[in-house]
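Undergrad: Below you'll find the structure I mean.
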Amino acid sequence: MDLTLLYRGPLASCDYDCPYCPFAKRRDSPETLRADRAALERFTGWAAGQAGDRLRILFTPWGEGLVRSWYRRAMVELSRLPHVERVAIQTNLSCRTSWLDEADLGTLALWCTYHPGQTPYDRFLGKALDLAARGVRFSVGVVGLPEHHGEALRLRAALPDHVYLWVNAAEGHTYTDAEAAAWTGIDPLFPYSRHPHRSAGLPCRTGASVVSVDGAGTVRRCHFVPAELGNLYDGSYRAALRPRACPLAVCDCHIGYVHLETLPLYDVFAGGVLERIPAGRPWTTGA
């Protein structure tokens, strides 16, 4: 089986206080943290045992995972498995980076988000440059709020040319054509994020070659469709995997619409779908 898994366990705590995030500065109880650790270790153990499959794994925690030792350890362990093609995680990059010395950087990748106002610019840039120096595969992004535009320009100018800087349309924000053009000047792929994508009745890879998994092992087609396909650990999900149309009216999150078959994003991000890195360098002259 060739399968992409989006894993999201119980963890919901974050060390940042972003005004556009409902989980900002949320604290998990010790019981929740223990449950999250146990769930992640169970998932990692399951993945290690699937030597006959080809796996790609993206961790999409509600909170910040890499400040927790068990997420760093899972990333390292999974990166070393020959049947894991890619393991990536969404992160604010507030963690230390020395743990990456133990990982297989041919497999591991990071999806990093810069949150102006939550961390000093120089600190974030320093960590991004450290990743580049280590040879880590990573992308960097920002939320496309007006007050972030100057910081995004500054960051784009400071990052190495090979590092992609993506821009997410801010939830609930409507962009004029002039505003959209300004963001597209930083991220040529911003038009894909600007408007929600119509998805009702359209073919999507989720539920066939892409699934969402929670801490209990419940498998769903994606994070946004609640219907269950079965359980990862008893194997019941496998019989439910098949091509299917999207039941939702629209899809407005990159980790969802990137899998729509009506969009060309598997070609745009060939080899970098999970970590949000386009093939080639569409953001540089002559790419």
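Undergrad: Scan (1) more than 30 Å from Asp53 (Cα to Cα); (2) buried (at least 18 other Cβ atoms within 10 Å of the Cβ); (3) out of contact with any Asp or Glu (no Cβ under 9 Å at 6 or more places or on another chain); (4) hydrophobic (A, V, I, L, M, F, W, C) for the single condition Ala249 breaks and write down its number.
TA: Of (1) more than 30 Å from Asp53 (Cα to Cα); (2) buried (at least 18 other Cβ atoms within 10 Å of the Cβ); (3) out of contact with any Asp or Glu (no Cβ under 9 Å at 6 or more places or on another chain); (4) hydrophobic (A, V, I, L, M, F, W, C), only one is false for Ala249: (2).
Undergrad: Still on this structure, I have one more. Is it the case that segment 75-96 has a residue that's surrounded by fewer than 21 Cβ atoms within 10 Å (Cβ to Cβ), without any contact (Cβ under 8 Å) to a residue 24 or more places away in the chain and either touching a helix residue (DSSP H, G or I) at 6+ places or on another chain (Cβ under 6 Å) or among the polar types (S, T, N, Q) (or both)?
TA: No: zero hits.
Undergrad: Let me ask you something else. Can you tell me which residue in segment 153-189 is farthest from His254 (Cα to Cα), limited to those that are of a type in the set (Gly, Ala, Ser) and under 19 Å from the mean Cα position of the chain (by Cα)?
TA: First, the residues of segment 153-189 that are of a type in the set (Gly, Ala, Ser): 157-158, 169-170, 172, 178, 180-182, 185.
Subset that is under 19 Å from the mean Cα position of the chain (by Cα): 169-170.
Values: Ala169: 10, Ala170: 12 Å.
Applying the filter and picking the extreme gives Ala170.
Undergrad: Do you know which of the residues in segment 260-272 that are in a loop (DSSP other than H, G, I, E, B) and in contact (Cβ under 8 Å) with a residue 60 or more places away in the chain is most open to solvent (accessible area, probe 1.4 Å)?
TA: Across segment 260-272, the extreme among qualifying residues is Thr262.
Undergrad: Here is a check on your reading of the model: is Ala216 of a type in the set (A, V, I, L, M), open to solvent by 50 Å² or more (accessible area, probe 1.4 Å) and outside any loop (DSSP other than H, G, I, E, B)?
TA: So Ala216 does not fit the description; no.
Undergrad: Let me ask you something else. Is it the case that segment 187-194 has a residue that's open to solvent by less than 10 Å² (accessible area, probe 1.4 Å) and in contact with a strand residue (DSSP E or B) (Cβ under 6 Å, 6 or more places away or on another chain)?
TA: yes
Undergrad: Let me confirm something: among Ala170, Ala157, Ala128, which residue is modelled with pLDDT of 95 or more, surrounded by fewer than 20 Cβ atoms within 10 Å (Cβ to Cβ) and either among the acidic types (Asp, Glu) or more than 18 Å from Leu274 (Cα to Cα) (or both)?
TA: Ala157
Undergrad: Taking segment 80-114 only, how many residues are within 16 Å of the chain's Cα centre (by Cα), more than 20 Å from Leu11 (Cα to Cα) and not hydrophobic (A, V, I, L, M, F, W, C)?
TA: Looking only at that region, the number is 4.
Undergrad: Working only within segment 227-252, note down all residues that are in contact (Cβ under 8 Å) with a residue 24 or more places away in the chain and charged (D, E, K, R).
TA: Arg238, Arg242, Arg244, Asp252 - these are the residues of segment 227-252 that are in contact (Cβ under 8 Å) with a residue 24 or more places away in the chain and charged (D, E, K, R).
Undergrad: While we're on this one: Looking at (1) closer than 17 Å to Trp111 by Cβ; (2) modelled with pLDDT of 95 or more, which is the one condition that is false for Tyr16?
TA: (2)
Undergrad: Quick check, is Trp111 surrounded by 14 or more Cβ atoms within 10 Å (Cβ to Cβ) and assigned to a strand (DSSP E or B)?
TA: yes
Undergrad: Suppose we filter segment 94-105 for residues that are in a loop (DSSP other than H, G, I, E, B), modelled with pLDDT of 95 or more and either in contact with a strand residue (DSSP E or B) (Cβ under 8 Å, 6 or more places away or on another chain) or within 18 Å of Tyr164 (Cα to Cα) (or both); how many remain?
TA: Going through segment 94-105 one residue at a time, the tally reaches 1.
Undergrad: Looking at (1) under 22 Å from the mean Cα position of the chain (by Cα); (2) crowded, with 18+ Cβ neighbours inside 10 Å, which one does Ser209 not meet, given that it meets all the others?
TA: (2)
The values are calculated or read from the model by the stated rules, or taken from the named source; none is laboratory data. Note that the coordinates shown come from a computational prediction; the quantities given were computed from them, not determined experimentally. A quick note on method: Cβ atoms are made from the backbone with ideal geometry, for glycine too, and the neighbour counts reach across all protein chains shown. The area values use the complete protein model at the heavy-atom level, side chains included, leaving out ligands, DNA and RNA. Shrake-Rupley method; radii C 1.70, N 1.55, O 1.52, S 1.80 Å.
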